[in-house]
Amino acid sequence: MKNKICFLLIFGSMVSACDDFYQPSKSSLEESVVFSTIDLAESAVNSISHTFGEGNSYMGRWLSYYGANTDLEWGRYSHMETNSATPLFVYVPTATNSLMNTWNNTWAKSYEGIERANLCIQGLRNTGKALPRTDFGQLLAESLTLRAVLYADLVKTHGDVPARFQPISTETLYVPKADRDVIYKQLIADLGEASELAFWPNEHKMTSTVGRINKTFIKGLRARLCLNAAGYSKRPDTDQPRLSNDPELSKEKMYTIARQDLLDVYTNPKSGKMEASFERVFRKLCEEDMSAGGESLWQIPFSSSRGRMAYTFAVRHQSVDQYTAMPQGGSIGPLPNLFYDYDVNDTRRDVTCVPYQWSNSNPAYQTFATTRVNTWSFGKYRFEWMKRKVLSTNSDGLQKQYMRYAEIILMLAEVENELNGPAAAAPYLKEIRKRAFSSSVWQEKVEDYVNALDSKEKMFNAIVDEYAFEFAGEMLRKETLIRWNLLKVKMDEAKARMYELRDQTGRYADVSNRLYYKLENDKETLKIYGLNRGETEDKSSEYPNNVLWISTSLLNDAKIESIYNSSIDPNQYQFWPIWQYFIDNSNGKLVNDYGY
């Protein structure tokens, strides 16, 4: 209740339909009062996160749509031209998209959160109490970091955007876009300051859960932004993606900063650790284990009645059943070839890619009644792993895991390879692969595999692949492909792979087009033959059910080509446009680039 009261008193809506754009904030309490009292100051800082849970903001729009499609993920309706989400997926969005062109969407709510953060940052600085490793210092670190999260997501979604690092005044009500390089440099500096102020996980009551900011996440986010700033992206002045022209954002400088932050995390026992089991990472997420110090570094803190992560990304449930109150899950899934691209011994495969759906019955059981090779689900979110039954119609309350420790290790591999060569990167890549494979095959799958990567190019390509196998379905791929300048390259490769899979030729000549299955004794779990490469025998005598899994009609040309609109180059449309509502109400300050 305290948070809600403070929110109402201090941070009324920064974006109003009545004003059509930004409103300078008005406070019912003086800044000197709010930010000199730790409880009031903490409530003010907590209000920044409120913006993530708004229905048309992160919760119901951005998290559901940004990041699909890539060479790993695609929207179930990518081939359906009448679906409003399809243009967002297939790289042909318009500024008037009906899902996004609203006054209260992610753009509006992000700037609302940024304004709240600006007020908190100003207020906390003015108290003179925000010193390193103090309560007030931790709150300032949290404010700086939440502002950085919002800006990082705005930049990767829209490219150049307005830069607002001070509370809005009458003079700054309308401002044009700023070069993203200016924003990156500010965020990298801010996160450097925040890391000096903040506590490590579990060093303070404010850092005891993954719903709050800690030093590990700050350093990890700073490293990610350094890699993005040094990478490729489409600019208003070029036809193709390019690197920044700012010498301060050179790869050498940015990777050096990232390397130090990552090593600070990696070498500090307080920073966190990878879970011993890949599956356990996501079971903890679904069990809503919020304890800090493990693999999850920060999660967007939705309440139990907000958030649509399982609703969008979980294994599909067709009806009300023992786990959920309505049909949910499966809106975003893996490309059909992804399962077969994993090594058969890779324990990440069956967690990430799920071939079945849950039956249209109560109680439900796993079935292939309505699923084929073109309708895989991701399995990192699962209603059946939750400790409570989801009763809401479309909000499951599961949180977005924004960053986890495995990314720290893979970023270390990447920067070490760039700065010091493959031998320096090898230990980190081996660490990721050791968790992915049983110790019985470490010699082949870890030692021999990594030791053979004896050039920077080979190591880099292996790291690109490892990002895919580790993070598929977590919506990181689009961002990383863009900074590597591999977006179109990898998506075209994915199209080629899907054609080969459909025809069972080339890389997929040993894949069966038919699956055999039966229910286990628990009357809920499927036993399946035919999914693994080489499982091509007729098993009709052993399995009572079988299904034609792969065919030309199931994976037709239109479906394959829908990964992106074949009439365009996805590199030209890496970013979404600024929505027309905000163009129209910017007093002429905002314009769209990139052909929009």
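The values are calculated or read from the model by the stated rules, or taken from the named source; none is laboratory data. Predicted model, so just to flag it, every value in this text is computed and none were measured. Ideal geometry is used to build each Cβ from the backbone, glycine not excepted, and the neighbour counts take in all protein chains shown. Surface areas here come from the heavy atoms of the whole protein model, side chains and all, with no ligands, DNA or RNA. Shrake-Rupley method; radii C 1.70, N 1.55, O 1.52, S 1.80 Å.
If you look at just the Cα atoms of the stretch 149-300, how large are its Rg and its Dmax in Å?
Rg, Dmax (Cα atoms, Å): 17.5, 54.
Mean projection of the alpha-carbon convex hull of the stretch 351-444 over all orientations, in nm²? Working shown, then result.
Details: hull surface 39.0 nm².
Mean shadow area of the hull around the Cα atoms is 9.7 nm².
Provide, in order from the shortest bin, the percent of all Cα-Cα pairs of the stretch 423-500 in each 5 Å bin, continuing until the bin that contains the maximum pair distance.
Cα pair-distance distribution for the stretch 423-500, in percent: 3, 13, 22, 22, 18, 16, 6, 0.
With r defined as the distance between the Cβ atoms of D522 and D454 and R0 fixed at 45 Å, what FRET efficiency is calculated, to the nearest 0.05? Could the numbers behind the result be given before it?
Working: r = 48 Å, r/R0 = 1.07.
FRET efficiency, D522 to D454: 0.40.
Largest first, please: the extent of the C-alpha atoms of the stretch 541-596 along each principal axis, to the nearest Å.
Computed over the stretch 541-596, the largest-to-smallest principal extents equal 72, 22, 14 Å.
Any chance you could tell me what percent of the C-alpha pair distances in the chain go past 34 Å?
Details: 72339 of 177310 pairs.
Result: 41 percent of Cα pairs exceed 34 Å.
Over the Cα atoms of the stretch 438-596, what radius of gyration and what Dmax do you get, in Å?
So, for the stretch 438-596, Rg and Dmax equal 22.0, 72 Å respectively.
Post the alpha-carbon centroid distance, the stretch 74-118 to the stretch 141-177, in whole angstrom.
18
Could you state the angle between the C-alpha long axis of helix 487-503 and the longest principal axis of the C-alpha atoms of the chain, as a value from 0 to 90 degrees rounded to the nearest 10?
With both axes taken from Cα atoms, the answer is about 20 degrees.
What pairs from K177/K251; K284/K539; K253/K478 go past 27 Å between their alpha carbons?
As for pairs spanning more than 27 Å Cα to Cα, those are K284/K539.
Would you mind estimating how fast the stretch 491-536 diffuses translationally, via Stokes-Einstein at 10 °C and 1.306 mPa s with the Kirkwood radius over Cα pairs, in µm²/s?
Numbers: Rh = 12.0 Å.
It diffuses with D of about 132 µm²/s by this estimate.
Starting at 0 and stepping by 10 Å, how many percent of the alpha carbon pairs of the stretch 305-382 end up in each bin?
21, 50, 24, 5
Counting Lys and Arg as +1 and Asp and Glu as -1, what is the net charge of the other residues whose Cβ lies under 13 Å from the Cβ of G293? Walk me through the intermediate numbers first.
Values: positive: R212, K215, K270, K273, K284, R404; negative: E203, E275, D289, E295.
Cβ neighbours under 13 Å give a net charge of +2.
State the percentage of accessible surface on the stretch 483-596 attributable to carbon and sulfur atoms; use a 1.4 Å probe and exclude ligands, DNA and RNA.
Numbers: 2230 of 5300 Å².
Its accessible area is 42 percent carbon and sulfur atoms.
Between the helical axis of 405-420 and the dominant principal axis of the chain, each derived from Cα atoms, what acute angle in degrees is found, rounded to the nearest 10?
It works out to around 90 degrees.
How large is the convex hull of the C-alpha atoms of the stretch 247-334 per residue, in Å³?
Details: hull volume 14.9 nm³, N = 88.
Output value, Cα hull per residue: 170 Å³.
What whole-number distance in Å separates the alpha-carbon centres of the stretch 313-381 and the stretch 486-536?
If we compute the Cα centre of each part, the gap is 14 Å.
Evaluate 2.2 N^0.38 Å with N set to the residue count of the stretch 88-186, then give the Cα radius of gyration divided by it. Mind showing how you got there, number by number?
Values: Rg = 15.6 Å, N = 99, 2.2 N^0.38 = 12.6 Å.
For the stretch 88-186, the normalised Cα radius of gyration comes out at 1.23.
Can you tell me what percent of all Cα-Cα pairs in the stretch 145-209 are more than 14 Å apart?
Details: 1349 of 2080 pairs.
Considering the stretch 145-209, 65 percent of its Cα-Cα pairs are separated by more than 14 Å.
Hey, what's the Cα Rg ratio for the stretch 298-457 versus the globular rule of thumb, 2.2 N^0.38 Å? Mind dumping the intermediate values first?
Working: Rg = 19.0 Å, N = 160, 2.2 N^0.38 = 15.1 Å.
The stretch 298-457 yields a ratio of 1.26.
Between F165 and S439, what is 0.36 nm times their sequence separation minus the Cα-Cα distance? Round to one decimal in nm.
Working: separation 274, 0.36 × 274 = 98.64 nm, distance 4.97 nm.
Here the segment from F165 to S439 would lengthen by 93.7 nm.
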